[in-house]
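The values are calculated or read from the model by the stated rules, or taken from the named source; none is laboratory data. Just so it is clear, the structure is predicted and the values come from calculations on it, not from any experiment. Cβ: placed from backbone, ideal geometry, glycine included. Neighbour counts: every protein chain shown.
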Amino acid sequence: MKTSIILLPLLISTVMAANLDDIRAALVNRVDEGRKAVGIVAGTIDASGQHLVAYGKIDRKSDRPPDGDTVFEIGSLTKVFTSLLLADMVERGEVNLDDPVAKYLPAGAKVPTRGGRQITLLDLSMHISGLPRLPKNLDPADPLNPYADYTGARPLDFLAGYTLTRDIGEKYEYSNLGAGLLGFALAHRAGMTYKELVRRRILEPLGMTSTAITLSDEQKQRLATGYNTGLEPTNLWDLDALAGAGALRSTANDILKFLAANMGLTDSPLKSAMARMQSVHRETGLADLEVLMAWHEWHKYGRDIVWHDGGTGGYHSWAGFDPAGKTAAVVLCNTAFDVQDIGLHAIESRWPLAKFPPAKQRVETVLPPEAASRVTGEYRFSPKISLMVTQDGPRMFVQLTGQPKVEIYAESETEFFLKAVDAQLTFEIDKSGKVTGVVLHQNGRDQLAIRR
C-alpha cells in the first residue's frame, strides 16, 4: 500500500516537520499492522502553512488513498459549529447566553425546570443542563443508523415528560440531547432549518465548500466509505431533530480553514464569536480537562489545547488547536476507531502515541448445530446486566442488556469474535463439559459473565 503525502503549501509547517515521521508511522501502524482503520488523514496548520499526511484507502475495494478533500462524517465535532452559531447570534443581538431555551422553542413546548431554575442556552452549550446523554424515546428501527427516525417533535415529547435528577448547572455531563436541542432552538429562532442556518452563518463565510449535512453529487464522489471496528462497511448516520449534535460531513482542508479562523490566523466575520466561545471555562470533574462553549481544553505539558472529537458508526474525527502557540491539527478516519492521540501528538510531540501489535488473523469456522446450541443462554455480568447468546439456524448472536443484537462468529467451539466491534468471547467449560460462563475481551479488559 502506498502512502499519500500532500503538501499545501510547499513550505512545511515547522510543528509538523518535527514529528512528521511519528505521524506517518502511527497511520501505517493503525492501517497495516494493527488493522484498526481503513484510511486516515492527519493535518496541521500554523503561521508557516499547512501540511497533510494520508494513508490507507477511502474504500477497501479501491486503491484510491484519502486526501485533504476526502469527505468524512465528523459526528460530534458538529457540536462546535452549533455553539458557534449560538455565540454568533449573541454577537448579533438575537439571543443571550442566559436565555431559557424554552424561549426559542415552538409554542406549547415544555422544558423541565428544577429549583426555580430554567435550562439556558449556555447550559446546553457547556453540557451542564442536567439532561441525559440520550433521550429514552430514542428507539431506532435501524441500530446502524440510530438517529434516522428520531424526527420532528420527538425531542420535545421526551422533554415534556422528563424530570431532572439534579440541579441545573450542578455537574458536567456530556449530552447529545442537549446539543441537539440547542441546534433545534437556534434554528427555530432564526426561522430556518439547522442545515440552512449553519450553511449561511458559518460554512459560506469561512469558504468551507466541502462541508455539508446533505452532500451534493460531487461531494458524494469524494466520500470515504465508513467502516465499523470490525472493518466491515457500515451506514452513514442521518440526524434530523438532533442535527446540531452530529450531522455534519467535512474534509481535512475545510476543518483546517475552520481551525485557522479560530486561532486568528485568518480573519473572518466570526472572529468575535469564536473568541467568545473560548472565554467561558468550567471544570469537568476530570483531571486537567475543562469545558468551554462546546470545546474542551486539555491542560498538559504546560500547554492549553482546545479540542473536540466525533464518532459515528463508521468514522472518527478530532480537531484541536493551541491558542497561544497558534498551532492546530485535524485527524479524520473512515473507521470507528479513536484517533485523538494522533491529533494531540501533532500539536504537542510529548503527547504519547498508541502503538498497536500486529492484528491476529481470525478464521471463521462453521460449528455443528449441537456445538453452537451448547453455548446459547443467558450470562450475567451483574444482577442488571446480562449477555444473551442466541442461535438462528447456522447464525449466532449476542445481545447485551439495553443494546441491539449483534452477530458473532466461531473460531472454535469455545472461541468467538464480533465483526461489528473489536471484541471476542471465550466460553468457559468445567470438567464435566458444562458451559459455566463467558469472558468478554474488549478494550483491553476481560470481563466474566456467569451462566444462569
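With D267, D288 as the choices, which residue is surrounded by fewer than 22 Cβ atoms within 10 Å (Cβ to Cβ) and touching a strand residue (DSSP E or B) at 6+ places or on another chain (Cβ under 8 Å)? I'd like the intermediate steps shown before the answer.
Values: D267 fails: touching a strand residue (DSSP E or B) at 6+ places or on another chain (Cβ under 8 Å).
Matching residue, one of D267, D288: D288.
Would you mind listing the strands (runs of 3 or more DSSP E) fully within the stretch 364-452 where at least 2 residues are in contact with an Asp or Glu (Cβ under 9 Å, 6 or more places away or on another chain)?
Details: elements: 377-382, 385-392, 395-400, 406-410, 415-418, 423-429, 435-442, 445-451.
Where strands (runs of 3 or more DSSP E) fall fully within the stretch 364-452 and carry at least 2 residues being in contact with an Asp or Glu (Cβ under 9 Å, 6 or more places away or on another chain), they are 385-392, 395-400, 406-410, 415-418, 423-429, 435-442, 445-451.
Here is a yes/no grid of residues against (1) of a type in the set (A, V, I, L, M); (2) part of a loop (DSSP other than H, G, I, E, B):
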position: D98; (1), (2): no, yes
position: A107; (1), (2): yes, yes
position: L144; (1), (2): yes, yes
position: D157; (1), (2): no, no
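Looking at the stretch 332-358, which of its residues are part of a helix (DSSP H, G or I) and more than 18 Å from S250 (Cα to Cα)? Spell out how you get there, then give the answer.
Step one: of the stretch 332-358, the residues part of a helix (DSSP H, G or I) are 340-347.
Within the stretch 332-358, D341, I342, L344, H345, A346, I347 meet the criteria.
For the stretch 212-228: of the residues being in a loop (DSSP other than H, G, I, E, B) and touching a Leu at 6+ places or on another chain (Cβ under 7 Å), which is farthest from Q442 (Cα to Cα)? Step through it out loud before you land on a result.
Initial filter on the stretch 212-228 (in a loop (DSSP other than H, G, I, E, B)): 213-216, 222, 224-226, 228.
With touching a Leu at 6+ places or on another chain (Cβ under 7 Å) added as a condition, the list becomes 213, 215, 226.
Details: I213: 33, L215: 35, G226: 21 Å.
The extreme case among them is L215.
Among K57, K36, which is modelled with pLDDT of 95 or more, surrounded by 15 or more Cβ atoms within 10 Å (Cβ to Cβ) and within 21 Å of the chain's Cα centre (by Cα)?
Values: K36 fails: modelled with pLDDT of 95 or more.
So the residue among K57, K36 that is modelled with pLDDT of 95 or more, surrounded by 15 or more Cβ atoms within 10 Å (Cβ to Cβ) and within 21 Å of the chain's Cα centre (by Cα) is K57.
What's the total number of residues in the stretch 258-273 that are in contact (Cβ under 8 Å) with a residue 24 or more places away in the chain and either within 30 Å of A423 (Cα to Cα) or not in a helix (DSSP H, G or I) (or both)?
5
Every residue, every condition in (1) farther than 25 Å from N334 by Cα; (2) in contact with a Lys or Arg (Cβ under 7 Å, 6 or more places away or on another chain); (3) assigned to a helix (DSSP H, G or I); (4) in the same structural domain as L131 (by TED's automatic domain parsing), yes or no:
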| position | (1), (2), (3), (4) |
| --- | --- |
| L186 | yes, no, yes, yes |
| S210 | no, no, no, yes |
| G230 | no, yes, no, yes |
| L256 | no, no, yes, yes |
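Would you be able to say whether some residue in the stretch 191-214 is of a type in the set (S, T, N, Q) and under 30 Å from F417 (Cα atoms)? Steps first, answer last, please.
Just the residues of the stretch 191-214 that are of a type in the set (S, T, N, Q), to begin with: 193, 209-211, 214.
Next, only the ones that are under 30 Å from F417 (Cα atoms) stay: none.
No, the stretch 191-214 contains no residue that is of a type in the set (S, T, N, Q) and under 30 Å from F417 (Cα atoms).
Check V363 against each of (1) loosely packed, with under 12 Cβ neighbours inside 10 Å; (2) of a type in the set (V, I, T); (3) more than 23 Å from D32 (Cβ to Cβ) and name the one condition it does not meet.
(3)
Does G169 satisfy the criteria of being in contact (Cβ under 8 Å) with a residue 12 or more places away in the chain and either crowded, with 16+ Cβ neighbours inside 10 Å or farther than 12 Å from L124 by Cβ (or both)?
Details: in contact (Cβ under 8 Å) with a residue 12 or more places away in the chain: yes; either crowded, with 16+ Cβ neighbours inside 10 Å or farther than 12 Å from L124 by Cβ (or both): yes.
So G169 fits the description; yes.
Among the residues of the stretch 68-92, write down those that are part of a helix (DSSP H, G or I), buried (at least 24 other Cβ atoms within 10 Å of the Cβ) and of a type outside the set (G, A, S).
Residues satisfying the conditions are L77, T78, K79, V80, F81, T82, L84, L85, L86.
Which of (1) crowded, with 21+ Cβ neighbours inside 10 Å; (2) within 21 Å of the chain's Cα centre (by Cα) is the odd one out, the single condition R201 does not satisfy?
(2)
Can you report the number of residues in the stretch 411-452 which are over 19 Å from G377 (Cβ atoms) and either among the charged types (D, E, K, R) or not assigned by TED's automatic domain parsing to the domain that holds S386 (or both)?
Total meeting the criteria: 6.
Yes or no: A329 assigned to a loop (DSSP other than H, G, I, E, B), within 26 Å of L248 (Cβ to Cβ) and at pLDDT 95 or above? Write out each step before concluding.
Working: assigned to a loop (DSSP other than H, G, I, E, B): no; within 26 Å of L248 (Cβ to Cβ): yes; at pLDDT 95 or above: yes.
So A329 fails the test.
Can you pull out the residues in the stretch 402-422 that are surrounded by fewer than 15 Cβ atoms within 10 Å (Cβ to Cβ) and hydroxyl-bearing (S, T, Y)?
S412
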